[in-house]
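Everything below concerns the one structure shown next.
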Amino acid sequence: MRQPNSSPTHGRQPQEHENYPVHLIGRIQPHGVLMELHGAELHIVRVSQTIQNYLGASPADVLNQPLSAVLDPIALAAVQQSLSHDTNRPSHLTLSVSTPEGMKPFDGLIHQLNEQIILELEPVGDRSTAEMVALHDSVRQAIARLRQIQDVTTFLQAAVEEMQSLTGYDRVVIYQFDEKKAGSVVAEVKPFDDIAYKGLHYPATDIPKLVRQLYQRGMIRYVANLTAPQVELVAPDLPLPKAPLNLTLSTLRGVDSCCIEYHQNMGVMAFLVIALVKSEQLWGLMACHHRTEKYLAYPVRSACEILGQFVAAELVSKVNEEELGYFNRLKAIQSDFVTAIAGAEDFKEALIHPEPRLLDLVNAHGTAVCLDQDITLIGNTPTLDQVRALLDWSMTEIDQTVFHTDCLSNHYPAALAFKESGSGLLVLKISQLRRYLVLWFRPEILQTVNWAGDPRSSIHETQDGQVLLGPRTSFRQWQETVEATALPWKAAEIESAENLKNAIVGIVLNKADELAQINLELERRNQELDSFAYAASHDLKEPLRGIINFANIIIKRYGESLDEAGVRRLRTLVKLAQRMDTLVDTLLKFSRLGQADLHYRQTDLQVLVQKAIDVLLTGREGDDLEPQIDIPRPLPTVDCDQVLISEAFGNLLGNALKYTDKAQPLIEIGYLTPEEQRNKGWREISQDYPLGAVFYVKDDGIGIRERHFQNIFRLFKRLHEQESYGGGTGVGLTITKRIIERHGGCIWVESTFGEGATFYFTLLGGSDCFSQALAE
Ligand code: ADP
């Protein structure tokens with residue numbers, strides 16, 4: 001911001017400007033006298049030419065003289081005493097100095113830097129005690145008023161107002177520095193007829209390093225009249241020409257030519273700048289500008305310094321409070337999310353509704369929620385295609401759970417195309433395996449700058465439109481530094497994103513725990529049910545056999561004494577009882593299946609299936625045409641319970657032969673490798689082959705309507721009359737399903753009614769793995 005002593009890059013390269021040695025300028029402002037002193041006697045070894053104006057002596061008169069030549073003994077003693085203290089910062093003394101008009105009071109500022117002792121004198125002028133008291137009162141009142149304000153923005157605005165009323169400068173502004181040390185005007189009082197600087201930004205390079213360091217130490221800078229000719233320092237060239245004096249801590253230090261030009265272009269002739277140092281960091285500057293020359297007595301400058309220190313100290317607590325408030329707001333949003341996600345049926349809905357919540361969580365302008373192929377965009381985001389490409393990049397290039405940048409194009413050059421919405425990116429990977437991500441976007445800073453009436457158009461320009469050395473150029477330079485850059489993500493915001501992931505994972509894990517608990521309970525109940533079914537069917541068998549036997553005995557022994565209807569009814573009784581016996585048998589078998597351990601063995605399925613076919617075909621002897629059963633390629637060898645898998649294949653094959661109208665049914669038995677499953681558009685059950693194979697039995701029979709795809713696996717569920725298609729108990733598929741599930745796999749059917757059916761099954765992947773396989 002080319003404030004006091006800063007000098008713009010005018011005529012200098014930026015690097016040169018940044019490192020410009022303002023402390024070796026070798027000149028002072030003319031409103032005082034500067035002396036370099038040496039040794040115990042405090043000999044004057046260098047002096048400003050202004051000594052003539054204020055003390056009536058020429059440099060030659062005083063050079064190499066002890067300080068006692070110009071100060072009375074009391075003043076001299078005061079100087080010597082102050083030198084015995086820590087003089088790292090100038091200390092103030094009121095000194096009586098001999099002038100052509102007699103002894104006059106001067107404000108003396110003395111400091112020592114390494115070996116170098118500097119005394120600066122400014123005439124006191126007329127200063128009444130009443131004025132001093134009034135000054136203290138003003139500062140006290142200002143502090144009392146400022147203390148009551150909580151909100152940081154209002155506080156800063158009040159601070160510039162108080163500073164103006166204390167000093168009477170035309171304009172007072174506060175600059176705030178960001179993380180990259182660039183500044184912006186955040187508070188301002190100005191003459192009503194002058195342009196506003198509020199909202200203007202300046203690049204970090206505007207302030208030379210040394211000046212920044214001085215401000216960092218809490219120094220103030222006072223320039224009374226930029227146009228007043230600056231004054232040389234005089235020192236004898238003998239015995240050696242002297243090195244330039246280090247004016248780092250000098251109050252009268254001269255002003256760099258670029259700084260003069262810069263301020264003159266703003267119409268400023270005098271200024272005072274007070275550093276705002278918060279937690280040992282240069283938080284900002286309070287700058288006072290005046291259109292004409294302005295002299296400020298030392299006590300007023302000192303009062304300003306105190307006010308500045310108070311503002312900085314208060315800032316610490318106010319900013320901390322504001323940050324704490326923000327942190328708490330983020331925490332509240334996070335807990336809102338936890339409640340919403342925990343109670344929601346649909347996880348995505350809980351994430352994206354109400355819409356601003358996900359944006360507020362990290363203070364973003366746009367967000368993309370990606371759950372596999374499902375992408376939802378909210379707020380100001382890049383286009384869907386751009387987001388898709390960015391997601392691909394995030395999946396491959398980002399390893400960590402949370403990634404953030406305020407300049408995405410540095411990592412992902414294609415982001416330049418959407419810098420308006422996505423210069424900043426925060427990525428949260430919810431799952432490392434699945435494509436579950438949340439992306440948050442922040443726009444380029446330039447899009448969010450509060451222009452306050454567009455400062456670009458309100459800054460001075462020469463008549464011919466030439467760009468001047470001044471805020472406009474600075475602003476332009478700053479714009480270049482923030483191109484494609486967004487406001488950085490705060491630690492609290494990044495933590496917010498991390499907490500969201502933890503909440504999601506926690507809730508999902510909790511739900512998984514709940515499910516596991518339910519499954520355990522279910523398993524226990526199933527076992528109870530199995531043992532009940534087993535016991536019941538076992539116990540039913542005996543009386544049933546008794547009924548059948550006794551009914552047969554009655555028919556045999558007493559058949560002749562019964563009429564025809566009586567015998568018929570008895571025969572029906574036997575038939576019904578036999579049927580019941582078959583049903584009890586299947587129930588018994590079914591319940592045993594739930595209890596028995598599996599006997600895993602390496603099994604050549606080709607051999608197993610071939611045997612099952614032989615058994616079935618033997619049972620069909622006498623039928624007209626032999627069915628055509630194809631096995632396009634030999635079936636693999638897998639680890640399974642031979643007996644049970646043989647029964648499963650037997651049931652499926654049996655049904656394929658039964659449920660057909662064809663004279664010569666066509667049946668195919670085969671399998672799909674993981675790769676073939678993918679080619680089919682499914683997500684493969686597992687990469688593992690052969691266990692991850694999907695087996696199938698396909699027929700060209702009567703087929704099944706889609707609405708029965710699930711029903712047919714239920715116990716005793718038949719789609720046909722008991723006697724049609726060779727009759728059945730409606731238990732075969734239930735048993736098959738149980739066998740498959742006991743192996744850890746799943747079974748499902750695909751069919752076009754009237755054209756045939758294909759039963760698929762797997763031996764791993766879980767009992768509903770088909771829904772995942774087909775979901776692709
Ligand atoms: P069932 O012992 O009656 O054959 P399943 O449990 O094996 O009992 O089959 C249940 C029902 O599913 C059958 O009644 C039949 O309607 C239907 N079904 C089973 N397999 C096929 C198939 N390959 N084609 C057409 N329908 C079938």
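Throughout, read-outs are computed from the coordinates displayed, never taken from laboratory work. Quick caveat: nothing in here was measured; it's all calculated off a predicted structure. We place every Cβ from the backbone using ideal geometry, glycine too, and count neighbours over all the protein chains shown.
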Residue-span extension gain [ASP581 to ALA417] - 0.36 nm each, minus C-alpha spacing: 51.4 nm
Can you compute the radius of gyration and Dmax for segment 500-637, using only the Cα atoms, both in Å? 25.4, 86
With respect to the cross-link table entries LYS180/LYS331; LYS348/LYS501; LYS190/LYS419; LYS541/LYS575; LYS698/LYS737, which display a Cα-Cα separation exceeding 25 Å? LYS180/LYS331; LYS190/LYS419
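Give the percent of DSSP beta bridges with both residues in the chain that are antiparallel, rounded to the nearest 5.
The answer is about 95 percent antiparallel.
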Residue by residue, what Karplus-based ³J(HN,Hα) values in Hz, rounded to whole numbers, does segment 92-102 have, using 6.51, -1.76 and 1.60 with θ = phi - 60° and x for Gly and Pro? 9, 9, 9, 10, 8, 10, 7, 10, x, 8, x
Quick one: which residues, 5 or more positions from LEU276 or on another chain, have an amide H under 5 Å from its amide H? H modelled 1.01 Å from N in the peptide plane, none for Pro or chain starts. TRP283, GLY284, LEU285, MET286
Going highest first, how would you order 545-553, 166-174 by mean Cβ packing within 10 Å? 166-174, 545-553
Rounded Å value of the spacing that divides the Cα centres of segment 703-733 and segment 651-699: 19
I need the phi-derived Karplus couplings for segment 576-587: 6.51 cos²θ - 1.76 cosθ + 1.60, θ = phi - 60°, integer Hz, Gly and Pro marked x. 5, 5, 5, 4, 4, 4, 4, 4, 4, 4, 5, 4
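Which whole-number percent is the relative contact order of the chain (Cα, under 8 Å, 6+ apart)?
Once normalised by length, the contact order is 9 percent.
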What residue among HIS111, SER302, MET35 has its Cα farthest toward the positive end of the dipole of the chain, where the charges are +1 on Lys, Arg and -1 on Asp, Glu, each on the Cβ? SER302
Just how far, in whole angstrom, is segment 113-191 from segment 205-271 if you go by their alpha carbon centroids? 20
Between HIS720 and TRP393, Cβ-based FRET efficiency (R0 51 Å, step 0.05) works out to 0.35
Tabulate in residue order the Karplus-calculated ³J(HN,Hα) for segment 479-496, using 6.51 cos²θ - 1.76 cosθ + 1.60 with θ = phi - 60°, rounded to whole Hz; enter x for Gly and Pro. 4, 5, 6, 10, 4, 6, 10, 10, 5, x, 7, 7, 4, 5, 6, 5, 5, 4
Work out, step by step, the length gained on full extension between GLU528 and LYS181: first 0.36 nm times the residue separation, then minus their alpha carbon distance; give nm to one decimal. 117.6 nm
Compute the distance from the alpha-carbon center of segment 580-620 to that of segment 393-413, in whole Å. 56
Given the C-alpha atoms of segment 307-435, compute the convex hull and give its volume per residue in Å³. 142
Which cross-chain or sequence-distant (5 or more) residues have an amide H under 5 Å from the amide H of TYR436, H modelled 1.01 Å from N in plane? ASP372, ILE430, SER431
Cα lying deepest toward the dipole's positive end in the chain, options PRO690, LEU446, THR405, charges on Cβ: PRO690
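Output the peptides 600-609, 707-716 sorted from most to least packed, where packing is the average of other Cβ atoms within 10 Å over each peptide's residues. Kindly include the intermediate steps, with their values, before the conclusion.
Numbers: 600-609: 16.2, 707-716: 14.2.
By packing density, highest mean first, the sequence is 600-609, 707-716.
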Which of ASP385, ASP581, ASP193 has the fewest other C-beta atoms within 10 Å, and how do the rest follow up to the most? ASP193, ASP385, ASP581
Taking the Cα centre of the chain as the origin and placing charges on Cβ (Lys, Arg +1; Asp, Glu -1), which of VAL231, VAL574, LEU93 is farthest toward the positive end of the dipole? VAL574
What are the aspartates and glutamates whose alpha-carbon lies under 12 Å from the alpha-carbon of LYS611, with same-chain residues fewer than 8 places away excluded? GLU647
Sequence-distant residues sharing a close amide H with GLY366 (under 5 Å, placed H): ASN380, PHE441
Return the Rg/Rh value of the chain, two decimal places, where both radii are evaluated on C-alpha atoms and Rh is the Kirkwood radius. 1.32
For LYS278, the aspartates and glutamates lying under 12 Å Cα to Cα, once residues fewer than eight places off in the same chain are dropped, come out as GLU314
